[in-house]
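Just so you know, all these numbers are worked out from the coordinates, no wet-lab data involved. Treat the numbers as computed from the prediction; the structure is a model and nothing was measured. All Cβ positions, even for glycine, are placed from backbone atoms using ideal geometry, and neighbour counts span all protein chains on display.
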Amino acid sequence: MIVLGIESSCDETACAIVNDERIILSNIVLSQLDEHRPYGGIVPEIAARAHLNYLDHLIIEALARSEIDLDQIDVIAATGGPGLIGGVLVGIVTAKAIAMVTEKPFVAVNHLEGHALSARLTNDLNFPYLLLLISGGHSQLLIVEGVGCYRCIGTTIDDAAGEVFDKTARMLNLSNIGGLAIQQIAEFGNSSRFFLPRPMKGRSGCDFSFSGLKNAVRLLIADHEPLSIKDCNDIAASFQFAMTETIVDRTKMAMIIFSKMYDEPRTLVIAGGVAANVQLRRTLANIAEQVGFRLIAPPFNLCTDNAAMIAWAGLEQFCLNKRNDMDFIPRSRWSLD
Ligand code: KG4
Ligand code: ZN
């Protein structure tokens, strides 16, 4: 079975082709970073227009790279939400049009479910597993019991981790993708020069909070302006360290909860753009080992937004006889549980 996947929920236009042997035949992601840079953030209208401009070409390119024709595709999957509604509309309308013309089934995929199931594309992984989902819009700890079966055991009570990475990067005048830019300069910085708070650390349960850390880093930057390169590097390193310790503390709590519910083998999966962070991956690998969990961290390009995960989640759903009608309405909000 071969599935075409489309992702257009934020500022990446993406198309991928995946088969049921877990082979990614093509996986193309086009970032709109340059289009949005002058505005200091993602402009929904610009994102929607860019998806409209790029998507058709990307689909043709994905088919060409896979060396297959449209009529060899068995299922068309596209992100149906949550996300910026203009972008989601572009992807969904395109997918529906292809499905109608080719008379193939159409599946609308929850973007978060794409992240949640991506580890089953890259690894031989059975349910249940613990999932740390950390992206630009979400920070959650979930127990994945099956396709469509998610139990949220922790969530952020304010900002998402990626959002705070992005804001900090902007305050430091970094122009690359927020979290990646912080990671790049943190490598040259001293992570113990500044102490930043680790919100919720040591508390019971496994909810997150990041607004206190965001505010503390804002005040720290204001206190040290004008910043030297060394100041920027040290702030980035101290911030990344605080972020890592915060996320790891909450995830450790979740692993303890999961251990009480399920026998071995126990697996922790990380997903979402922030899961591409090298320091976080390294620290989580150590902690997971200590508490008897196998850690699955998909490759960087499958942590950040991509369409291979959408194609795969569409395939998983289709195999369970789930598909959508042409009257599916894109959703700006769509929680997993
Ligand atoms: O999953 P994703 O690509 O899009 C959403 O669904 O939101 O996640 C994007 C987020 C951004 O906030 C970005 O700054 C962050 O992931 N990110 C990183 C890294 N690469 C991307 N955060 C920390 N370290 C990274 N290496
Ligand atoms: Zn995402």
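Could you list, in sequence order, the residues of segment 72-121 that are of a type outside the set (D, E, K, R) and assigned to a loop (DSSP other than H, G, I, E, B)?
ILE73, PRO82, GLY83, LEU84, PRO105
Working carefully through the options VAL269, VAL217, find the one that is of a type in the set (Val, Ile, Thr), in contact (Cβ under 8 Å) with a residue 24 or more places away in the chain and part of a helix (DSSP H, G or I).
Testing whether each residue is of a type in the set (Val, Ile, Thr), in contact (Cβ under 8 Å) with a residue 24 or more places away in the chain and part of a helix (DSSP H, G or I) leaves just VAL217.
Filter segment 316-337 down to the residues that are surrounded by fewer than 18 Cβ atoms within 10 Å (Cβ to Cβ), in contact with a Phe, Trp or Tyr (Cβ under 9 Å, 6 or more places away or on another chain) and over 25 Å from ASN126 (Cα atoms) and list them by number.
ASP325, MET326, PHE328
Go over the candidates LEU142, LEU125, LEU84 one by one and state the one that is touching a helix residue (DSSP H, G or I) at 6+ places or on another chain (Cβ under 6 Å) and either more than 25 Å from SER26 (Cα to Cα) or within 16 Å of ligand 1 (Cβ to nearest atom) (or both).
Sole residue among the options that is touching a helix residue (DSSP H, G or I) at 6+ places or on another chain (Cβ under 6 Å) and either more than 25 Å from SER26 (Cα to Cα) or within 16 Å of ligand 1 (Cβ to nearest atom) (or both): LEU84.
Can you pull out the residues in segment 87-113 that are over 13 Å from ALA311 (Cα atoms), within 16 Å of ligand 1 (Cβ to nearest atom) and out of contact with any strand residue (DSSP E or B) (no Cβ under 7 Å at 6 or more places or on another chain)?
Within segment 87-113, just GLY87 meets the criteria.
Yes or no, residue by residue, for (1) within 13 Å of ligand 2 (Cβ to nearest atom); (2) crowded, with 24+ Cβ neighbours inside 10 Å; (3) under 17 Å from ILE296 (Cβ atoms):
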{"residue": "GLY114", "(1), (2), (3)": "yes, yes, yes"}
{"residue": "LEU121", "(1), (2), (3)": "no, no, yes"}
{"residue": "PHE127", "(1), (2), (3)": "no, no, yes"}
{"residue": "ILE134", "(1), (2), (3)": "yes, yes, yes"}
{"residue": "ILE143", "(1), (2), (3)": "no, no, yes"}
{"residue": "TYR150", "(1), (2), (3)": "no, no, yes"}
{"residue": "GLY154", "(1), (2), (3)": "no, no, no"}
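What number of residues within segment 1-27 are within 16 Å of ligand 2 (Cβ to nearest atom) and part of a strand (DSSP E or B)?
Count: 9.
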